[in-house]
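First comes the structure, then the notes that go with it.
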């Protein structure tokens, strides 16, 4: 009697997985769009300042160009290139079963050195 609910359970699980996957991609594309809009805004303001004849130092121009160009780093220690690549490499199996954590060798070494300093 309970076996007749199995197809409904499987379809509900798949539908939930699909909706979460699509939501994640939608949020990622919204974030990328906001980042690009911010870069465009910074560069447009720089162009407007230069066209108006304002004296802008070379250092300020270089800083704004780097900010507008986007080096891929958010300044928060998160590399957006790695994040977007991680989003692209997420498959259905990872969405359903979960993604295995990737160990960072630098973080592991830092943790081990911290433990050793505590022991000494």
Test residue 6 against the criterion of being in a helix (DSSP H, G or I), at pLDDT 70 or above, out of contact with any helix residue (DSSP H, G or I) (no Cβ under 7 Å at 6 or more places or on another chain) and surrounded by fewer than 10 Cβ atoms within 10 Å (Cβ to Cβ), and give yes or no. yes
Take the residues in the range 16-27 that are within 11 Å of residue 96 (Cα to Cα) and without any contact (Cβ under 8 Å) to a residue 12 or more places away in the chain, then tell me which one is nearest to the chain's Cα centre (by Cα). 18
Close pairs from the range 59-79: first farther than 15 Å from residue 48 by Cα, partner at pLDDT 55 or above, Cβ under 8 Å, at least 6 apart: 67/39; 67/42; 69/39; 70/35; 70/39; 72/81
Would you confirm whether or not the range 64-71 contains a residue that is at pLDDT 85 or above and in a helix (DSSP H, G or I)? no
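The values are calculated or read from the model by the stated rules, or taken from the named source; none is laboratory data. Just so you know, these numbers come straight off a predicted model, no measurement behind them. Glycine gets a Cβ as well: all are built from the backbone with ideal geometry, and neighbour counts include every protein chain shown.
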